[in-house]
Every structure is written in structure tokens, then in C-alpha cells.
């Protein structure tokens, strides 16, 4: 079965299978023997193609956080069905999502306003800091989903644009 | 310190703060054999500061921040815990003269300066005037009074480039650089309305802007008996959005003669005030000249670099001063050794304009090793929330020289395991490699001049392979599919060797 992980905005397709000695990682053009052996201290020994190194992994739902080679990385499991659904749902450019939890402190537009890409739509506040959010494309504001001072979570849809013809 | 064990006028210190600084103060309070009490908002229940303190009192507020700003509840908490002193940490109430006054009126020692000293230095206009009158160098400037038209004229006379700031400001909010005097009037109008919005005070001041300025600040200590010493300087070398990220001591920019000159100037200013407590006198330095910028009448976030090069515990000094002791430090005996660097670990995305991020702390393994200090405020199982500042921890490293300190910083950043929310550790690691940083060619506009440092470095093929392998072997949906069907595999022969 084919899977994918999102790593720094790039979708990385892969598949995993069992082998006699562990697992095999199937990438586009190669197959690598892999294994992950948990250690008592919470870290793990990762072996790829015969080379072992220490990593620390933590998962939270579909999010995978890995400390590997001196850096902390974030990967997100992309569910096959959700990827399909997202492809049918239309453009991500129609929505303005919250990059972090917070609340709206200022609205620069109203529903029905024509906006151009890069134009400031609203100002939100989080962690005692203001952040300006801009239009992802040219279009017309369809709806603003939160009122000033109402709080929201990360990824909440703050504003939608009319779908493009 | 002249206060010996058992001779303190108070046996409990209430810490009116949270997170990293609350923990850091608790550490010294305990080391001195005293009890530590903290106040906490429900958002911090179970946080390391709360579980490390000897007593904790819950405070409430419309928002978590509002709770920590409520002086009445904090003084009440001090009474409930029989605390004879209140340490405000930094931020929140540390530079609030009304709070300091209310604490002392309640018969509790305020670990900080006298209220009137907070007021004098908190008003940038008055502070500048005082320093100038005392004969110390300030940058050419114009101060707004009741006549805004006249202010425009005088600001014009200072000449470009020019920096306009709200008098009541802080943290870089509402600051504007004017390079072309033709737009001076519009910029002043904008700065005034921003100052009004952020601080409820539209008054401004304008001063000569030093291009590529370096930010040098000097740690001072004064006791209630008129004794003042300086504890040498720090350089806040790299900033983003006027907020510091890297601090070091000694300042790479200064010669030994300049270090002594700037440090003695700072001590002179503190002496002129009759300053009590720990404070920091900030200077702008450029082209061999330095000008007084402002004085922070509190302990600062970057105080550990001073502690690492001098061996002086600044919080212990603060507490002894609050206890009424005479400073037991002789200026001539204060020396520095080696080089210390502090890096602020923020929950933020440097590649996206340093946008703050939030998330759970799933795994946290701070770096260890010789001369590596981790002043953290969160533990595994905690979370970075949108309620407070995004600073997670401070990493402080010391080396025999700057080169060794940088090398230790690199290693410590690579060893820092912090999983669950995005942080700036990879960015700081890239910064430690940047040729200009390594060469000490740093100034407050450094990151604007080098945006490439903030760009995220894509992983190489070998790393991507490793990340995918580790992720695939850890995520349930994949493991379940792969591990639950060996008989099926065997039956169809598809995966057999």
C-alpha cells in the first residue's frame, strides 16, 4: 500500500513492507532495508541500508516529530483518502487559515469586497504579537468566519474567497 | 554577600512570574536556603515552576496575562505564604512603579529598584534628560513636548537618518526609521497614532539613527547604601523584529579600553541615580562612539551571560540588596573570564517571518555537557500556548574564547531534542555557522541584511530516507497494515524474499 508524508511542504510518497529481517522502505526509485529499535531511554536506533544512528521519535495523531542528525523535524502522515478528498474539494487558495491560535484584532475587509493577492485582509494577535494575514489570490471575500476578539485554533478557516470560475 | 545563612530578614520569597525566569529565581532562592513561593494562573498548573516551588497560590484574571499583572492578588499571595520579599522576575510587573510602591507599603521587600527610580528610567524622555544633565553622552535628539509643530522642526534639525520612537514604548513597537526628511511629517503622524494605540500615549521622541548599530549594555548593581559597581557589558548581537535572539559577553565589538570606558559610564549613570538593585544601562555603539539609549530597571533575560563570565549570581545579589545588605563586591575584584553566548529558543518559524507557533511538548531532552546551561520553563508533557511569549528556554554556553563558545553552541543545539512544536533551533544552528557571525561582524540589523539565515535548509536525500523510515515505522496506520498481514503476504507471495 502506498503512503505519503508531508515534509516541509513536500509530499514524500513511500511504502513499507515486511522482510525476513525487518522492514523495507520503498521509495520512487529504490528499496532500502530499514529497522527501528527502541532503546530504554526513549530514543531509538534507526538502521537504514546497514547504517545505524540514534533518533528520537514522538507521534501525536498523524504528526510525527523526529530528532535526527542534529535537527528536529516534523512530518505529517497524509491519509490516502483525505488526499483524494482534498484534491476534489477545490483550491486551498480559496481559504485563509489561521497559522496559529489567536484572535482577530482588526478586519480590513468585509464580505463582498474585491481583494487582490497580497492585500491585507485582517490582523490577528497571538502570544502578545500581531500578525498580518494577506489574501492568497485575487478574488471576492465570500465570508468572514470569526468576529473581532473571538478566539480560534490553528488551521481554523478565518475567511473564504468566492471560488474561482 | 554579608548576609550569612539564617540571618535573612525574610525566609520566603514570592516570585511574581512564570516559566523560565520563575524557575531560575527559585534555584537561587533555594541555594540561599530560603523558601520559594509562586503565583500561577490555571494555564500554568503543573508547570515546573509550580511544582518546584515550596508554595503556590492560584491567581485569576480575564486572560492568563492579566492574572500575572494583577498586583493586588500577588501581594495577597505573598501575605498568604508569609513571604517577606517579592521578586518580579522580568516582564509583567518588574518595571511597574505602582506595584513596587504597593509591595513596600504592605511591608514586603520589593526585589528591585526604588519606585521613583523605575519611574525616572521608565520615561525615556525624562531618563535621557537626566543622563544628559549628569554629563553622559546621549545621541542628538528631539523630544516632543506640548507643541507638536515645533517637534517636527526640531526632529528635522537632528537630521537623517532618524529614529522615531514612542516615549512610553518598548519592544520595538511603533518605532520608525526615517531616511528621507521629506516623509518626516507623515511618519511622525503614523508613529504618534501607533504610540497612542499600543501605549495609550502618543508622545514621541526622535534621535539620530546609527546605521548598523551595535547594541551594548552594561550590568550594574547598586545597594541601598549608595554603593554601585558595574559587572561589565553584554552585546545583544542578533535581533529579529527588535527582539533579541543572541546575546554575548564580552562584546566582540569593543576594545579593552572601550569596554572599560562604557562600563564606567554605566556605573556613573547608576551612581548619579543612587540606583538600588540590579539594572542594565543600554547603549548604541557605532564607529567608535556610544550613546545612552535607556536603562532597564530589572533583571534581564540575558543576565546569564554576565553570570557565566564573572561567576556572580545576579539573583543572589538582588536578594541581598533587597535584604538591605551592603554590596560585598569590590569593583577592582570583578573580572571576566572567557566568552559566553546566550541563544533564545523560541517556538516560532523563522522561515515564515518568525511567526510564533504552538504545540504540545512531546519530548524534551535539553543539551548537557560542560559549560552548557539550559534555563528552561517547560517540561515534557507541557505545551506552548498562545497565552504567553513564545520563548521556551535559553541556552547559555561558555568557552575559553568566542570560537570555543560558538563550537559548544553548535553541538548543544544539535543535541537539543524538542519534539511537538516547531522551534528556531535549526535557525540558530545555521546562524552559528554564518561567516559574518563567526567573524563577529554583527549588528542589530543583521538578520535584515542576511535573510538567507532564516531560510529553512531542505534535508538531503540520505536524511529524507531516514526521516521517512523512522516515520513509517512509528505511525500506526502504516505499521498496522504492514504488521497485521504476514499470512496474506505469504499466501500471495508478493513480498517474500
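The values are calculated or read from the model by the stated rules, or taken from the named source; none is laboratory data. Nothing here was measured: the structure is a model prediction, and the numbers come from that model. FYI the Cβ positions are ideal-geometry reconstructions off the backbone, even for glycines, and counts take in every protein chain you see.
Details
- Inside segment A:43-54, residues that are surrounded by fewer than 16 Cβ atoms within 10 Å (Cβ to Cβ), facing chain B (nearest Cβ under 9 Å), in contact with a strand residue (DSSP E or B) (Cβ under 7 Å, 6 or more places away or on another chain) and outside any loop (DSSP other than H, G, I, E, B) make up a count of 1.
- The condition (being surrounded by fewer than 18 Cβ atoms within 10 Å (Cβ to Cβ) and either within 17 Å of residue B:293 (Cβ to Cβ) or at pLDDT below 80 (or both)) is satisfied by just one residue among B:134, B:141, B:167: B:134.
- Pairing each residue of segment A:57-76 that is on the phi > 0 side of the Ramachandran plot with any residue that is modelled with pLDDT of 95 or more, provided the two are 6+ apart or on different chains, yields C-beta distances under 8 Å for A:69/A:53; A:69/B:463; A:69/B:466; A:70/B:413; A:70/B:414; A:70/B:415; A:70/B:429.
- Qualifying residue in segment B:416-432 (condition: within 8 Å of chain A (Cβ to nearest Cβ), surrounded by fewer than 17 Cβ atoms within 10 Å (Cβ to Cβ) and closer than 30 Å to residue A:28 by Cβ): no
- Tally, over segment B:150-180, of residues that are part of a loop (DSSP other than H, G, I, E, B), more than 30 Å from residue B:95 (Cβ to Cβ) and touching a helix residue (DSSP H, G or I) at 6+ places or on another chain (Cβ under 7 Å): 1
- Of the residues making up segment B:433-448, those that are without any contact (Cβ under 8 Å) to a residue 60 or more places away in the chain, assigned to a helix (DSSP H, G or I) and touching a helix residue (DSSP H, G or I) at 6+ places or on another chain (Cβ under 9 Å) are B:433, B:436, B:438.
- In segment B:404-422, the residues that are in contact (Cβ under 8 Å) with a residue 12 or more places away in the chain and out of contact with any strand residue (DSSP E or B) (no Cβ under 6 Å at 6 or more places or on another chain): B:404, B:406, B:410, B:411, B:413, B:414, B:415, B:416
- Residues being in contact with a helix residue (DSSP H, G or I) (Cβ under 7 Å, 6 or more places away or on another chain) and within 30 Å of residue B:322 (Cβ to Cβ) - total across segment B:225-250: 11
- Subset of segment A:1-14 [surrounded by 13 or more Cβ atoms within 10 Å (Cβ to Cβ), facing chain B (nearest Cβ under 7 Å) and in contact with a helix residue (DSSP H, G or I) (Cβ under 8 Å, 6 or more places away or on another chain)]: A:3, A:5, A:7, A:12, A:14
- Meets criteria (surrounded by fewer than 16 Cβ atoms within 10 Å (Cβ to Cβ) and over 24 Å from residue B:420 (Cβ atoms)) for residue A:40: no
- Sole residue being within 14 Å of chain A (Cβ to nearest Cβ) and closer than 22 Å to residue B:251 by Cα, chosen from B:365, B:334, B:345, B:312: B:345
- Selected residue (only one of B:97, B:106, B:155 is more than 30 Å from residue A:126 (Cβ to Cβ) and out of contact with any strand residue (DSSP E or B) (no Cβ under 8 Å at 6 or more places or on another chain)): B:106
- Among the residues of segment B:368-401, those that are assigned to a loop (DSSP other than H, G, I, E, B), within 13 Å of another protein chain (Cβ to nearest Cβ) and farther than 21 Å from residue B:302 by Cα comprise B:380, B:381, B:385, B:386, B:387.
This table checks each residue for (1) modelled with pLDDT under 85; (2) within 21 Å of the chain's Cα centre (by Cα); (3) surrounded by 14 or more Cβ atoms within 10 Å (Cβ to Cβ); (4) outside any strand (DSSP E or B).
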{"position": "A:16", "(1), (2), (3), (4)": "no, no, yes, no"}
{"position": "A:56", "(1), (2), (3), (4)": "no, yes, yes, no"}
{"position": "A:72", "(1), (2), (3), (4)": "no, yes, yes, no"}
{"position": "A:88", "(1), (2), (3), (4)": "yes, yes, no, yes"}
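- Checked against (1) more than 8 Å from every other protein chain (Cβ to nearest Cβ); (2) surrounded by fewer than 23 Cβ atoms within 10 Å (Cβ to Cβ); (3) out of contact with any helix residue (DSSP H, G or I) (no Cβ under 6 Å at 6 or more places or on another chain); (4) at pLDDT 95 or above, residue B:410 passes all but a single condition, namely (3).
- Test: residue in segment B:437-456 that is modelled with pLDDT of 90 or more, facing another protein chain (nearest Cβ under 10 Å) and under 24 Å from residue B:363 (Cα atoms): no
- Filtered residues of segment B:61-78 (kept if surrounded by fewer than 15 Cβ atoms within 10 Å (Cβ to Cβ) and within 25 Å of the chain's Cα centre (by Cα)): B:61, B:63, B:66
- Residue in segment A:129-136 that is modelled with pLDDT of 90 or more and part of a strand (DSSP E or B) present: no
- Subset of segment B:181-204 that is under 26 Å from the mean Cα position of the chain (by Cα) and part of a helix (DSSP H, G or I) - its residue that is surrounded by the fewest Cβ atoms within 10 Å (Cβ to Cβ): B:197
- Scanning segment A:55-77 for residues that are in contact with a strand residue (DSSP E or B) (Cβ under 7 Å, 6 or more places away or on another chain), within 18 Å of residue B:380 (Cα to Cα) and facing chain B (nearest Cβ under 7 Å) yields a total of 12.
- Applying the set (1) surrounded by 19 or more Cβ atoms within 10 Å (Cβ to Cβ); (2) more than 35 Å from the chain's Cα centre (by Cα); (3) assigned to a helix (DSSP H, G or I) to residue B:477 leaves exactly one unmet item: (1).
- Checked against the criterion of being under 14 Å from the mean Cα position of the chain (by Cα) and either without any contact (Cβ under 8 Å) to a residue 12 or more places away in the chain or crowded, with 19+ Cβ neighbours inside 10 Å (or both), the candidates B:241, B:234, B:214 yield just one match: B:234.
- Check on residue B:178, surrounded by 14 or more Cβ atoms within 10 Å (Cβ to Cβ) and farther than 24 Å from residue B:265 by Cα: yes
- Residues of segment A:25-39 classified as assigned to a strand (DSSP E or B) and more than 8 Å from chain B (Cβ to nearest Cβ), total: 5
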